[in-house]
Amino acid sequence: MAYNVVPLTKLIEQFERLPGIGRKSAQRLAFYVLDLPKQKAEEFAGAILEAHEKIKRCSICQNFTDSEQCPICANPARDPSVICVVEDPRDVMAFERTREYEGLYHVLHGLISPMDGIGPDQLCIKELLRRLGDGTVKEVIMATNPTVEGEATAMYLARLIKPMGVRVSRLAYGIPVGGNLEFADEVTLFRALEGRNEI
Ligand SMILES: [Zn+2]
């Protein structure tokens with residue numbers, strides 16, 4: 001008979017559903033959790049439940065927050081004339097790590113992808129357009145990934161936003177810092193040449 005302890009199997013299955021976790025890692029994590037003192041296990045389970053209960057979308061930028069407005073939208077020191085449009089809350093974290101960007105964000109929560117049946121109505125686009133109506137916003141930076149879906153979404157939004165008299169820009173493409181020209185593909189190299197700046 002196979003070794004099967006139902007609660008342990010269930011725990012392993014839960015870890016296995018996490019992105020990037022295979023069977024072996026799931027087993028390792030499940031045994032780690034089993035070894036935790038009861039209080040630590042409760043803290044772990046509690047953190048998952050608390051995040052689910054308290055975290056919602058900011059009423060302005062749609063980023064994750066635990067209050068009506070996220071700390072970025074609520075910060076009067078941020079520049080309200082620029083909005084950086086991203087696919088996902090993780091992208092906001094990436095930009096914030098640079099400590100260079102002082103404008104606001106808008107999180108689309110996805111990209112237009114006809115192959116996956118995702119159209120513009122399933123993204124937070126109307127919430128973005130609503131923010132552009134009163135003349136405060138002068139520039140929208142399209143910071144979606146340079147993939148087919150990211151490009152298509154940026155082009156779609158640019159067509160909607162430009163007629164509103166708001167400048168639309170796109171992140172520059174190029175060679176990664178520390179990268180090597182020899183190993184860059186033709187498209188990257190061509191885009192890097194196109195987007196060159198004076199030094
Ligand atoms: Zn916000």
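Here, each number is a calculation from the coordinates, and none is a lab measurement. The shown structure was predicted, so the numbers you read here are calculated from the model rather than taken from an experiment. A quick note on method: Cβ atoms are made from the backbone with ideal geometry, for glycine too, and the neighbour counts reach across all protein chains shown.
Extension gain, residue 181 to residue 136, is 12.1 nm, computed as 0.36 nm per intervening residue step minus the present C-alpha separation. Proximity of backbone amide H atoms, modeled 1.01 Å from N, is registered between residue 105 and 84 at under 5 Å, excluding neighbours fewer than 5 places apart on the same chain.
If R₀ is 35 angstrom, what is the calculated FRET efficiency for the pair residue 27 and residue 109, using the beta carbon separation as r and rounding to 0.05? It comes to 0.60. Packing around the peptides 109-115, 55-61, taken as the average count of other Cβ atoms within 10 Å per residue, puts them in this order, highest first: 55-61, 109-115. In order along segment 159-174, phi translates into HN-Hα couplings of 5, 6, 8, 3, x, 7, x, 9, 5, 10, 10, 10, 4, 5, 9, x Hz, rounded to whole numbers, per the Karplus curve 6.51 cos²θ - 1.76 cosθ + 1.60 with θ = phi - 60° and x for Gly and Pro.
One chain, two ends: residue 45 and residue 122. Fully extended at 0.36 nm per residue, the span grows by 24.6 nm beyond their Cα-Cα distance. Pairs 126/162; 24/56; 24/54; 10/40: which are spaced more than 23 Å apart, C-alpha to C-alpha? Beyond 23 Å between Cα atoms: 24/56; 24/54.
With R₀ set to 41 Å, the beta-carbon distance separating residue 69 from residue 4 gives a calculated FRET efficiency near 0.25. Modelled spin labels at residue 81 and residue 36, positioned 7 Å past Cα toward Cβ, are 4.8 nm from each other. Each residue of segment 17-28 is assigned a 3J(HN,Hα), and the resulting list reads 6, 5, x, x, 10, x, 4, 5, 4, 4, 5, 4 Hz, derived from the Karplus form 6.51 cos²θ - 1.76 cosθ + 1.60 (θ = phi - 60°), x at Gly and Pro.
A simple rule links phi to the HN-Hα coupling: the Karplus curve 6.51 cos²θ - 1.76 cosθ + 1.60 with θ = phi - 60°, which for segment 52-59 gives 5, 6, 9, 8, 9, 8, 4, 5 Hz, with x for Gly and Pro.
Computing FRET efficiency as 1/(1 + (r/R0)^6) for residue 57 and residue 100, where r is the C-beta to C-beta distance and R0 is 30 Å, gives about 0.75.
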